[in-house]
1. Right, His634: at pLDDT 90 or above, farther than 17 Å from Ala741 by Cα and either of a type in the set (S, T, N, Q) or surrounded by fewer than 17 Cβ atoms within 10 Å (Cβ to Cβ) (or both) or not?
2. Any chance segment 117-124 includes a residue that's closer than 19 Å to Asp505 by Cβ, without any contact (Cβ under 8 Å) to a residue 12 or more places away in the chain and over 25 Å from the mean Cα position of the chain (by Cα)?
3. I'd like the residue in segment 68-104 that is surrounded by fewer than 19 Cβ atoms within 10 Å (Cβ to Cβ) and more than 20 Å from Tyr49 (Cα to Cα) and, out of all such residues, is farthest from the chain's Cα centre (by Cα).
4. With the structure loaded, tell me whether Leu778 is in a helix (DSSP H, G or I), within 26 Å of Tyr526 (Cβ to Cβ) and either open to solvent by less than 60 Å² (accessible area, probe 1.4 Å) or not aliphatic (A, V, I, L, M) (or both) or whether it fails that test.
5. Quick check on segment 531-545: of everything there that is closer than 22 Å to Asn591 by Cα and in contact with a Phe, Trp or Tyr (Cβ under 9 Å, 6 or more places away or on another chain), which residue is surrounded by the most Cβ atoms within 10 Å (Cβ to Cβ)?
6. Which residue, of Tyr526, Tyr542, Tyr578, is closer than 21 Å to Glu770 by Cβ, touching a Gly at 6+ places or on another chain (Cβ under 7 Å) and in a helix (DSSP H, G or I)?
7. Restrict the check to segment 732-746 and report whether at least one residue is surrounded by fewer than 18 Cβ atoms within 10 Å (Cβ to Cβ) and in a loop (DSSP other than H, G, I, E, B).
8. Return the pair list, or none, for Cβ contacts closer than 8 Å from residues in segment 749-761 that are without any contact (Cβ under 8 Å) to a residue 60 or more places away in the chain and open to solvent by less than 70 Å² (accessible area, probe 1.4 Å) to residues that are of a type in the set (Asp, Glu) and assigned to a helix (DSSP H, G or I), at least 6 apart or on different chains.
Amino acid sequence: MSSIIEGYTYDIFISYRQKDNKHDGWVTEFVDNLKGELESTFKEEISVYFDINLHDGLLETHDVGASLKNKLKCLVFIAIISRTYCDPKSFAWEHEFKAFVEQASQDQFGLKVKLPNGNVAGRVLPVRIYDLESPDIKLCETVLGGVLRGVEFIYREPGVNRPLRANEDNPHDNLNHTIYRNQINKVSNAIKEVITAVGQYEQKPKEVSKEVFKPISVPLKSNKTKIILGSVIALALIFLGLFLIPKLFKSTESVEKSIAVLPFKSLSDDPEKQYLADGMMDAITLHLSKIKDLRVMSRTSVEQYRKPDKSSSVIGRELDVAYLLEGSFQKFGDSARLIVQLIKTGKEGHTWANEYDRNWNNAFSVQSEVAQTIAKELYASITQEEKELIEKIPTANMTAYDLYLKANNYRNEYNKTRDLSAYHTAVNLYKTALKIDTSFAKAYTGLAGAYYDRYYYENYFKEGFLDSCLILANKALFIDDKLDEAYYIKGRYYLANGHGDEALDNYDKALKINPNYYLAYIDKGYILRSQIHDFVQGFDIYPKALALIGGNERAGLLRDLGGTYFKVGFIDKAKIYYQKAFNLDSNKIANLDALAWLESSLGNFEEALKLYKRAYEIDSTYLPDIMYYSLAGHDEESYLLAKKYVEHYEKTGELNLTKSYRVGYAFWQVGKHEEAKNYFNQQIKYDEESIKLGRDVAKIKSTHYNLAATYAFLGDKAKAYQYLDDFNTMNFYPFWVISLAKHDPLFASIRNEERFQKILQNMEAKYQAEHERVKKWLEEQGML
């Protein structure tokens with residue numbers, strides 16, 4: 001069978017080492033399952049080349065070039081990446097993997113293809129069946145010319161690292177929490193993306209015929225006349241090309257398609273009715289956010305302009321948008337009035353305005369109409385799928401909708417004030433709305449969000465941690481599988497429970513529906529930087545998130561970006577972004593805190609404390625990082641700060657998940673040993689339970705560091721090294737972590753031991769490898 005693309009022998013080529021198939025037939029089973037999945041993914045018949053020869057490819061007497069050249073002419077190359085595959089001496093590596101990369105790099109499509117959504121995918125699809133050592137990863141990346149990604153089929157338990165089987169005996173024991181069936185589906189979907197992109201590339205649009213203007217033939221007396229006349233015509237054509245034609249055919253792409261929807265005013269004298277205006281504003285913002293061709297500022301970014309004392313030009317400049325939408329709303333009885341005006345920033349006065357006097361029952365159609373009209377004004381294209389999303393009616397019952405809007409208002413109040421009465425009111429309103437309309441999907445996600453906000457810390461160590469959020473999000477998706485906020489809540493659930501892959505999958509689903517969902521970008525960035533440690537992808541996320549937020553949130557994200565540069569060792573870049581953040585919000589405390597963290601990690605402890613103290617002088621409620629006082633040996637000040645930590649966590653009800661042992665050390669240093677032991681024990685309890693339950697802090701292994709430091713200080717070297725060895729399995733260590741490990745007073749008893757020093761050396765080597773990889777990428781992007 002040939003490829004679905006003319007000129008190619010196969011659609012898919014499977015490359016593997018026979019050693020990985022010899023024992024239990026893992027590769028054969030994988031190929032059989034993949035073929036079945038492809039049948040349900042493609043309408044066409046997809047051809048797969050899979051060599052089941054027991055001798056690792058062709059024999060020495062065979063002509064490799066003639067035998068494989070045609071077979072390697074495929075659209076997608078799947079490499080089963082194992083420990084044995086990464087061997088430059090093997091047949092599969094040299095004559096299949098490297099050969100395909102070289103061949104595909106030179107064919108009509110190239111090694112990487114652009115997907116319809118604008119992203120880029122490689123035609124090499126790695127399927128990883130083991131965790132690899134760093135040299136093997138580098139080996140693969142050298143051939144690929146980029147980061148080794150792909151789909152993982154790895155089963156992990158403590159001390160276990162093997163291929164994931166189709167039918168696991170105890171699937172829930174897998175620390176990856178990956179499901180074989182889902183991974184097969186991911187491979188099939190990845191293949192679909194590449195082949196679809198290749199197919200679109202192949203179908204080039206027919207060239208538009210251009211009318212040729214021929215000069216009128218006139219008798220000329222001499223060549224000189226011809227030259228003069230030709231010159232005049234040439235100048236005329238140049239003038240026409242430079243000045244007239246661009247004006248006749250001005251592209252709408254020149255319009256900056258960015259907008260911020262400012263908080264709507266309530267025309268009612270009753271301030272209790274403001275929630276209706278907020279609900280109308282939120283709905284229109286959300287509709288606009290579904291349009292990929294628009295850049296829409298986040299709801300939280302515009303809140304600062306609720307009582308605007310700035311001109312539209314200033315607001316537009318601060319938010320970096322070309323348009324603002326202002327609105328006023330009033331509901332009286334069954335009637336409703338919405339007044340909106342679209343303002344081009346930089347020009348005082350509106351470019352479009354309208355007044356809608358409708359029945360309240362038609363509120364949803366008004367929201368949709370306004371959003372689509374604005375899109376037209378901004379020359380934004382709307383796909384049919386986006387149009388359907390915008391026109392979707394969330395509930396057929398306006399009473400339920402009114403209760404839902406009120407609930408949102410109380411939930412926002414709870415998040416600002418932590419007033420439990422506001423929380424209970426919100427929950428009751430959501431539940432009442434659902435009693436009226438059991439198919440109101442957004443009410444389920446509203447309730448799920450309220451539960452998440454309220455019970456995160458209270459249920460942190462319970463088996464069913466946030467399960468109600470997952471159940472409610474799934475209920476919402478059962479009703480409406482195009483509900484972005486439901487996928488976002490699922491992403492938060494999986495992130496909190498340490499399942500980064502599932503979180504990323506749900507964030508991507510949310511972003512596919514709502515490409516302006518900045519919170520999903522931020523959470524994705526966190527996973528990439530803190531769990532996966534892929535800083536190249538992490539840096540790539542920041543521009544997308546920064547384009548959608550303004551005000552203090554933007555400053556916070558700029559500091560986070562600075563901190564990310566710092567983690568991977570680019571100190572000067574970090575300082576640049578700290579300064580950008582400070583220029584934006586003038587937050588001296590946040591700026592001093594960031595700079596103090598940097599100085600501490602550079603070993604300049606006294607300089608760091610000066611910065612911390614300057615921040616404290618500005619605001620006595622500010623809590624600097626207690627460990628840096630201990631690093632500098634300021635025991636009395638560290639103890640006083642520790643007492644403030646204790647007061648803070650008692651007051652807020654939050655859990656001191658990562659600093660309890662620092663509080664214990666501070667108490668110990670001033671002779672309060674019994675109290676110190678309580679905090680050390682609290683840290684041990686928090687961390688061991690977090691590891692057992694697979695929480696996010698365990699995923700990023702801060703728990704393992706904390707336990708190692710605690711046990712080292714308490715004199716239990718065996719347990720200290722047990723957790724250090726686990727900590728030593730990470731693929732990257734931030735700059736500041738290495739600095740901390742070198743100077744941490746809790747490791748004083750083992751710091752000079754050879755075993756501890758080897759762990760430090762390994763940490764530094766992994767840090768340096770990622771630093772160099774990121775440096776190369778930054779230089780290629782012109783960012784260094």
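The values are calculated or read from the model by the stated rules, or taken from the named source; none is laboratory data. This is a predicted model, so every value here is computed, not measured. Every residue, glycine among them, receives a Cβ derived from its backbone with ideal geometry; neighbour counts consider all protein chains shown. The area values use the complete protein model at the heavy-atom level, side chains included, leaving out ligands, DNA and RNA. Shrake-Rupley method; radii C 1.70, N 1.55, O 1.52, S 1.80 Å.
1. For His634, the condition - at pLDDT 90 or above, farther than 17 Å from Ala741 by Cα and either of a type in the set (S, T, N, Q) or surrounded by fewer than 17 Cβ atoms within 10 Å (Cβ to Cβ) (or both) - is not met.
2. There is no residue in segment 117-124 that is closer than 19 Å to Asp505 by Cβ, without any contact (Cβ under 8 Å) to a residue 12 or more places away in the chain and over 25 Å from the mean Cα position of the chain (by Cα).
3. Lys89
4. yes
5. Ala545
6. Tyr542
7. No.
8. Ile759/Asp725
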